[in-house]
1. Look through segment 87-110, keep the residues that are under 17 Å from the mean Cα position of the chain (by Cα) and crowded, with 17+ Cβ neighbours inside 10 Å, and return whichever of them is nearest to residue 208 (Cα to Cα).
2. Going through segment 314-344 one residue at a time, which ones are among the aliphatic types (A, V, I, L, M) and either touching a residue at least 60 places away in the same chain (Cβ under 8 Å) or within 30 Å of residue 117 (Cβ to Cβ) (or both)?
3. Being in a strand (DSSP E or B), touching a residue at least 24 places away in the same chain (Cβ under 8 Å), over 24 Å from the mean Cα position of the chain (by Cα) and surrounded by 16 or more Cβ atoms within 10 Å (Cβ to Cβ): is that true of residue 166 here?
4. I'm trying to understand the selection: among the residues of segment 122-138, which are of a type outside the set (Gly, Ala, Ser), crowded, with 16+ Cβ neighbours inside 10 Å and closer than 16 Å to residue 209 by Cβ?
5. Taking residue 234 as meeting all but one of (1) assigned by TED's automatic domain parsing to the domain that holds residue 135; (2) more than 30 Å from residue 149 (Cα to Cα); (3) of a type outside the set (Ser, Thr, Tyr); (4) in a strand (DSSP E or B), write down the number of the exception.
6. Could you grab the pairs with beta carbons closer than 8 Å, sequence gap of 6+ or different chains, first residue in segment 132-156 and over 17 Å from residue 232 (Cβ atoms) and at pLDDT 95 or above, second one aromatic (Phe, Trp, Tyr) and assigned to a strand (DSSP E or B)?
7. Among the residues that make up segment 73-80, is at least one of them within 15 Å of residue 203 (Cβ to Cβ) and either surrounded by fewer than 23 Cβ atoms within 10 Å (Cβ to Cβ) or in contact with a Ser or Thr (Cβ under 6 Å, 6 or more places away or on another chain) (or both)?
Amino acid sequence: MKKVISICLLVALAVMTAGPAIATAQTVVIGSGTVGTGLTKGTGGVAPIVKAKWEMNGPWSAALGTSGLAKDDYPAIANAQFDPSMQHNVNKVISICGVIYDQSLTDINAVYGDVYYPDIALGPNHPADRQGCSTRVGSECTMIKIAGDDHLANKNASLDLFCNKVRNQNTGTLPTFANGETFDTICSNDGWIKKDVAYVYCCDKNLSYEDPSGEYKVDVWAQSKTNATSDALVNYFTYNPGTAFQTDFSNVAYGAVTLNNWVVAPGNEDFVLGDGRPTIRNVGNTRLAINVAQDDMQMGDRDLTPTSTSWNVHYKAKINTDGVYAPYDPFKKYGVAGDPVDCDYHLLDKTIDLSTDDEIDFGVLVDKFEGTGPYTGTMWLKGTQAPHLTCGT
């Protein structure tokens, strides 16, 4: 049996190695290896018209029905006003809507809404697709009919949303109208919607919790199936400033302190609750300045001259490793009622950009220990709005 197997293997090997030679196919290119392409945009017919447009709190589907609200955050003020969430990773959903006219509504191919940042730079830590300086906010927003493809349903939903809710729930004028247009030209018995030549289209758009405060430009435009494109109807909404921060610490433990030696409780840039390394996070839509105040941690004070006293404890704090320490003294004794007022706070020199977690370092120096302790107290942190970065710098 072993001899038979050996022979078979030798035969197989001979077949595999002594077979006919196989030629490898080759491609020869004469002339260019690439081919140019091109087309021209076909046009025809009459373009749709954007008769009115507005922004409101989203999602737009929540505005439909008997209990729906078609408002912004300040319905008594003209044009849309929105507040940021001031919460980490909690975005603001807004809706962009428009009344789109065409003599044949079935000829409308698409309606788009584009939102553009204010002329503000966002800083190095913002997502790459959201960079400010008048660029578009994310991707284009494709707007859709608010009641599907049924004509009567769209007509009734358009009348209810625009002519009833938008008109009556906002004492300030929410929509922007095309020249010559009013609520009456669109909503009356001989208006565009009831004449079956206009629908409301809407889409939803996320404003990031960390997109900057300011005036945002919005274009709404429509295109027919024959590529006839409307003029864009333009307006602006306001993303109101909200200054807010979070910390990953609820106390600062300086540890063992000896007389006349600075002791520092260092922070880091890793936002981890309870890690003992103070970190502060900007969760607003403005750049952030930090102010700090402390009591005396029961250290007390002493007389220097008949008319002056000195605290037994001194503090310093800074933002970021590149920051400069701001020195400060207590503003009151421990246990005395009352929170600090503006003049009791001390401003730290570094500001915190949008989308940024930064370290905050605290230091303490004791001239004299009063009593035997425990030496505990309270620190106050306050955030204030810092100017946005400018574009082109």
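The values are calculated or read from the model by the stated rules, or taken from the named source; none is laboratory data. Every value quoted in this text rests on a predicted model; they were computed, and no experiment measured them. When we count neighbours, we look across all protein chains shown, and the Cβ atoms used for this are built from the backbone with ideal geometry, even at glycine.
1. Top of the filtered list is 92.
2. Selection gives 319 alone.
3. No, not satisfied.
4. 122, 126, 130, 137
5. (2)
6. Sorted first by the residue in segment 132-156, then by its partner, the pairs are 144/201; 145/199; 145/201; 146/199; 146/201; 154/199; 155/199.
7. no
Matching residues to (1) of a type in the set (A, V, I, L, M); (2) touching a Ser or Thr at 6+ places or on another chain (Cβ under 7 Å); (3) at pLDDT below 95; (4) surrounded by fewer than 22 Cβ atoms within 10 Å (Cβ to Cβ):
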{"position": "272", "(1), (2), (3), (4)": "yes, no, no, yes"}
{"position": "275", "(1), (2), (3), (4)": "no, no, yes, yes"}
{"position": "285", "(1), (2), (3), (4)": "no, yes, no, no"}
{"position": "288", "(1), (2), (3), (4)": "yes, yes, no, no"}
{"position": "301", "(1), (2), (3), (4)": "no, yes, yes, yes"}
{"position": "307", "(1), (2), (3), (4)": "no, no, yes, yes"}
{"position": "328", "(1), (2), (3), (4)": "no, no, no, yes"}
